[in-house]
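The values are calculated or read from the model by the stated rules, or taken from the named source; none is laboratory data. What you see is a predicted model, and the numbers here were worked out from it, not measured in a lab. Methodologically, a virtual Cβ is constructed for each residue, glycine included, from the backbone with ideal geometry; neighbour enumeration extends over all protein chains shown. Accessible surface areas use protein heavy atoms only, side chains included; no ligands, DNA or RNA. Shrake-Rupley method; radii C 1.70, N 1.55, O 1.52, S 1.80 Å.
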Amino acid sequence: MQINQKALQTLEYDKILAMLAACAPTAGSREMALALLPDDDEYTVNKKLKRTDDARKLLSDKGMPSFGLVKDITDSLARAAKGATLTTGELLDVGNVLRTARGLLEYSRTNRHFETVLDEVFERLLPDKRLEERIYRAIVSEDVIADEASPALSDIRRKIRIANNRIKDTLQHYITTNTYARHLQESIVTMRNGRYVIPVRVESKNEIKGLIHDTSSSGSTIFVEPMAVVDANNELRMLESREKHEIERVLLELSSMVGGCAGALSLNYANINELAFVFACGKLADRMDAVFPVITADRRIDLVKARHPLIDKERVVPITVSLGKAWDTLIITGPNTGGKTVTLKTLGLFALMAQSGLHIPADEGSELCLFDRVLVDLGDEQSIEQSLSTFSSHMVHIVSIVSEVSDRSLVLFDELGAGTDPVEGAALAVAIISRMRECGALTAATTHYAELKAFALDTEGVQNASCEFDVGTLRPTYRLIIGAPGKSNAFAISEKLGLPAEVVARARELISAENRHFERVIEQLEKARLEADRDREAAERLRADLERQREAAQREAEAAKKAASAALDAAQAKATALVESARASSEFIFAQLEEVRRQRESERLGEELDKTRRAVRAHLRENESRFNPVEERNNEDYRLPRPLKKGDEVYLVDIDKKGVLLSDPDRSGNVQVQAGIIKTRSRIENLRLIENTPGVGAPGEKKTAAKDYRVSVSREFRDEIDLRGCTGDEAWFMVDKYFDTAAIAGFKTVRLIHGKGTGALRNSLWGYLKRDRRVATFRIGRYGEGDGGVTVVELK
């Protein structure tokens, strides 16, 4: 894209860059922000916009990553690569770059919920934890080298501490001993020229033998290094010199390590700044409440509720403007300070922002095409030094625009043709706009000329637009109205401001009849538009009310549906409870009848009881089917044509699968079956033999075998029986029958629920259990089984 610096300055693009730089977390990213320029390559622009969009997603998902106030290390790396020794501050800056690179890589890889185009940049980071830890272990701050920087440095500093303590102990003897203390000016130990000394009165200088290093300003005190500590001080100075050399060696070693990986460190610094810049773009977009603009290949602009980013968010009035669809030229009219120039700046600035990879403060669905130039003539730039009037200044810029314009240009004119004779100015304006259209550029121009309004009405591809003005309050509303020319409202404003009515009336008379007719047409169009706006707003309110009513009705329907479903569930639960109650009652009745049959030993009575039993159970199953809609598979009416054996192909009724027997049935009637990839154990009552003989095999075929009583019992049997409320004899009567049924059903473990109470029922049952040969073992229930209110019985 060919950059027009005047256009960037006029559209205040530099202020957008300043806002972007304020969001940048590093010095390098701030420089990138201030140097950002628009691009006209579609792939590059879309990539930049996508990166900004992904940065916003990451900001929303994880927050802003830490960039550690990274400083520029480029010069330090160059010096280290040449063998120079870096300062502690420079090495700490290098360590900060490494730590930030490692933190950014962890940020990218931790809790990754979606892929982004920034992943490539994150993965280009090259952490070096060994070098990072080496730097931070050796350097505490710019002024402090850690003892752990090297074993030699640690040993030297240990010896320095010992020497210091020895010197202080010796000097302390001078301070505390009366023989020497009376010759001291003060009882302190101080330093002069890096050596430990004591303050001695000048008159006592011969009483304490040593080296004089300094004298007080008054001359009454001399600072003496006693001979007893001279050797120790000399040793201390040597140790300090060794310490300095060791620190220099450590810094040189670290600098060599940095120089050895200068290339990787340089890439890290560049990638960190690149990420910081992209996140700054995302942060700015969030602050502006901006959207990802659609870059279209068609030559058009379509902005929906666009808000100029340099106007306060609380005061800015959104505008919806389009250019390049049915018209390639927009003529904007209306009173001064009505928002015409802001509309032009919004068009130009949004084009520059989008082509720079920045999101624009507008609503979703906003579209822009790419321009190779944004050409602007805005403002009054008359120059006394260059002898240029307002008109001449405008015309100089227009001449430049005419020479540069192309079919991919966006051209913006403010008050085109102003500053000269109105007739000539209007004619020039029409001619210039026609030239722009011939070149294929998209053009927007503001004007007060009625000739341009008429030109827009009469010319296909040229559209009028106006900035709305409230004559009653003498205030602009800043709304942009597409399709209607605006009025300057000079007469109405002047009269409201106090100009005598007769003067205004005289002015109206001086306007030509043609102009008066044109103004009346515009006024009528404005009234019609206002009425249409009112009707549209009323229709919108009605639509919103209907939408709210529809949503309320939908919520009520959902609530009613949930209530009906809950009622159905409750009814089904109640019906299930009724069936269960009936089943329990029938079992008790059957038990009683069975006892009667045993006592009577009448064959006829047994047949009748069996008949009654079948009828009652059939009735219960019918009720259960009515109340329980879940279809259950059963194998009640099927009898195996022969005993099963290993290798037989069978059908498993409960899981609706075919399988092959892996073993012969055991004594308990259990068999191992391979069904597809599943290997399972099953009761033989759950199996049907698949043979070539018709009539045997899969479900749905007619069976003629008699009802198998054992299968029926197994289907209805429960592994627990509730005996609460019974006496000991009554309970055992029920348990005795229950154990027989459990044996038929194949259950080995059952629970007897007797409750806790006084323990009488439990003790009575345990007495019977100890004597019953069917019982292998029994015990009190554990936690989760019913505790002391349950006895768990293992049957043989």
Toward the positive end of the charge dipole of the stretch 1-105, about the Cα centre and with charges on Cβ (Lys, Arg +1; Asp, Glu -1), which of SER29, VAL45, GLY95 goes farthest? GLY95
Estimated inter-spin distance, ASP363 and GLU148, nm [label 7 Å along Cα→Cβ]: 6.0 nm
Taking LYS679 as the anchor, which lysines have their alpha carbon closer than 24 Å to its alpha carbon, excluding any fewer than eight residues away along the same chain? LYS645, LYS646, LYS657, LYS658, LYS748
Report, in listed order, any pair from LYS305/LYS496; LYS47/LYS340; LYS47/LYS129; LYS71/LYS283 with a Cα-Cα distance greater than 24 Å. LYS305/LYS496; LYS47/LYS340; LYS47/LYS129
Quick one: pull the percent of accessible area on the stretch 55-163 belonging to carbon and sulfur, 1.4 Å probe, ligands and nucleic acids left out. 51 percent
Taking 0.36 nm per residue of separation between GLU42 and GLU133 and subtracting their Cα-Cα distance, the length gained on full extension comes to 28.3 nm
Any idea what the relative contact order of the stretch 1-107 is, in percent, if you count C-alpha pairs under 8 Å spaced at least 6 apart? 24 percent
Would you mind counting up the charge near VAL117? Only other residues with Cβ under 11 Å from its Cβ, with Lys and Arg at +1 and Asp and Glu at -1. 0
Give the accessible area for TRP766 in Å² (nearest 10); use a 1.4 Å probe, count only protein heavy atoms, and leave out ligands, DNA and RNA. 70 Å²
Sites VAL423 and THR477, calculated FRET efficiency, Cβ-Cβ separation with R0 30 Å, nearest 0.05: 0.45
With a point put 7 Å past each Cα toward its Cβ, work out how far ILE295 is from LYS561 in nm, to one decimal. 4.4 nm
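Assuming R0 = 25 Å, can you tell me the calculated FRET efficiency for the pair ILE188 and LYS244, based on Cβ-Cβ distance, to the nearest 0.05?
0.35
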Could you tell me the center-to-center distance, by alpha carbons, between the stretch 1-28 and the stretch 121-188 in angstrom? 50 Å
Using a cut-off of 12 Å between beta-carbons, work out the net charge of the residues near THR777 (Lys and Arg +1, Asp and Glu -1, THR777 not included). +3
Can you give the accessible area of SER141, probe radius 1.4 Å, in Å² rounded to 10? 40 Å²
With every protein chain left in place, what is the accessible area of GLU253 in Å² (1.4 Å probe, nearest 10)? 70 Å²
What's the Kirkwood radius of the stretch 120-176 in Å, using all Cα pairs? 14.6 Å
Post the alpha-carbon centroid distance, the stretch 641-673 to the stretch 400-458, in whole angstrom. 94 Å
If you average the alpha carbon positions of the stretch 756-782 and of the stretch 271-338, how far apart do those two centres end up, in angstrom? 85 Å
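Between ALA743 and ALA575, take the C-beta separation as r, use R0 = 30 Å, and let me know the FRET efficiency to the nearest 0.05.
With R0 = 30 Å, the Cβ-Cβ based efficiency is 0.40.
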Cut-off 15 Å between beta-carbons: net charge of the residues surrounding GLU404, Lys and Arg +1, Asp and Glu -1: -1
Just to check I understand the Karplus step: with θ = phi - 60° and J = 6.51 cos²θ - 1.76 cosθ + 1.60, what whole-Hz values come out for the stretch 402-414, glycine and proline as x? 4, 7, 9, 4, 9, 6, 10, 9, 10, 10, 10, 10, 10
I want to check the label-to-label distance for SER256 and ARG773. Put each point 7 Å from Cα in the C-beta direction and report it in nm to one decimal. 9.6 nm
